[in-house]
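The values are calculated or read from the model by the stated rules, or taken from the named source; none is laboratory data. All values derive from a computational prediction rather than experimental measurement. Cβ placement follows ideal geometry from the backbone for every residue including glycine, while neighbour counts extend to all protein chains displayed. Areas reflect the complete protein model, heavy atoms only, side chains present, ligands, DNA and RNA absent. Shrake-Rupley method; radii C 1.70, N 1.55, O 1.52, S 1.80 Å.
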Amino acid sequence: MSTTKSGSTKKVTFTAVAVGIGLVAVSACGSSGGGSGTSDSKSVTLVSHDSFNVSKDVLKDFEKRSGYKVKVLKDGDAGAAVNKAILSKDNPQGDVFFGVDNTLLSRALDNGLFQAHEVKGSEKIKAEFRVDEGKHRVTPVDSGDICVNYDKKYFADKKLAPPKSFADLTKPAYKNLLVTENASTSSPGLGFLLGTAAAYGDDGWAGYWKKLKANGVKVVDGWEQAYNEEFSGSAGGKKAKGDRPLVVSYASSPPVEVLYGEPQPKQAPTGVATGTCFRQVEYAGLLSNAGNEKGGKALLDFLASQEFQEDMPLNMFVNPVREGTKLPKLFTEHGVTVDDPQTMDPKKIADNREPWIKSWTSLVLK
């Protein structure tokens, strides 16, 4: 998700969520861990995008069993966090990185960001999500679908049917309604770009974006700004007086608005345009030159465990990748199942990502 995911969705005005779950967070300017060898062996540091969350009791149970105190360094949107991790790989900010997804995975692997570790219970991870099996440099943790979300009230008030597809977004009826994230700095923004490339092909996606730009698409740096400030349908967006009723987010975003609504609504106030979705998978890995390799391996095992996988859906609003993991009723009742999302072969992403981002930037931002 990243949500956001993370991704997989990620938060409402999720500051309140982060405080509520009691994570130990450290700022980007001062973390333990790293290749300097000064890491405290009693602690282990997880570097992540802003949307990593875990229940307080689940985290404490791991700390009690393992003997390690977990520190979490949240380092911005997933795209920016991956770039920072690559730049600091010789002296990393932590021991484990969570949140690199399939849109950016080859960049991380090609730059030597991770070292090998096969997690306990790896055979329980669904085969469709496994990658790099010969080297075990990354472990799949969650999956989700990047999709356009819409503000139900806005469209009901306007007596306008919400968009269903990529093509709909270019129609005059939806002019100046969509906000998306920068494809060069945001994983959902990049996922949305890749979704259009999968839908319209190598020769058609640029033409599509020309139409989208002419129809008034707004681009912001990251998911937090897009969803919690610009989008009129989210709790955060309402407070910020956001005026865009369409946003690139996740198929699992609607349950967030139900769970944290005050009062809690019976129906989600947001919907999902299921014809605009791109499948995202998020991974975690043991950082090269990690200061606490043993602790990092234990933390990776935890991320793949049944306990953590069952805790994810209502904390990070993403789907677990471990077989047999039960999903909570609220998540299944208000989330949207996308039967046929756009996908792309990892090699094609690797071969085209950088030139596509460069072309997209010139086309849309200039």
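Inclusion of L363 among residues that are at pLDDT 95 or above, within 19 Å of V96 (Cβ to Cβ) and outside any strand (DSSP E or B) is not warranted. The number of residues in segment 129-151 that are farther than 17 Å from L287 by Cβ and polar (S, T, N, Q) comes to 2. Scanning segment 229-254 for residues being open to solvent by 20 Å² or more (accessible area, probe 1.4 Å), in a helix (DSSP H, G or I) and of a type outside the set (A, V, I, L, M, F, W, C) gives a total of 4. What residue, among those in segment 255-280 that are β-branched (V, I, T) and crowded, with 24+ Cβ neighbours inside 10 Å, is nearest to A108 (Cα to Cα)? So, considering only residues that are β-branched (V, I, T) and crowded, with 24+ Cβ neighbours inside 10 Å, the one nearest to A108 (Cα to Cα) is T276. Meeting the requirement of 3 or more residues that are outside the structural domain of L178 (by the TED database), the helices (runs of 4 or more DSSP H) wholly within segment 58-159 are 78-87, 105-110. Annotation note: of N319, N352, N289, the sole residue that is open to solvent by 20 Å² or more (accessible area, probe 1.4 Å) and on the phi > 0 side of the Ramachandran plot is N289. Filter segment 120-153 down to the residues that are buried (at least 22 other Cβ atoms within 10 Å of the Cβ) and not charged (D, E, K, R) and list them by number. Scanning segment 120-153 gives V138, T139, P140, V141, S143, G144, I146, C147, V148, N149, Y150.
Just one of the numbered conditions (1) closer than 19 Å to Y260 by Cβ; (2) modelled with pLDDT under 95; (3) surrounded by fewer than 18 Cβ atoms within 10 Å (Cβ to Cβ) is not true of V17: (3). Which ones in segment 139-197 are among the aliphatic types (A, V, I, L, M) and within 19 Å of E229 (Cα to Cα)? I146, V148, L177, L178, V179, A183, listed by residue number.
Against the list (1) under 30 Å from L363 (Cα atoms); (2) modelled with pLDDT under 95, the condition P245 fails is (2).
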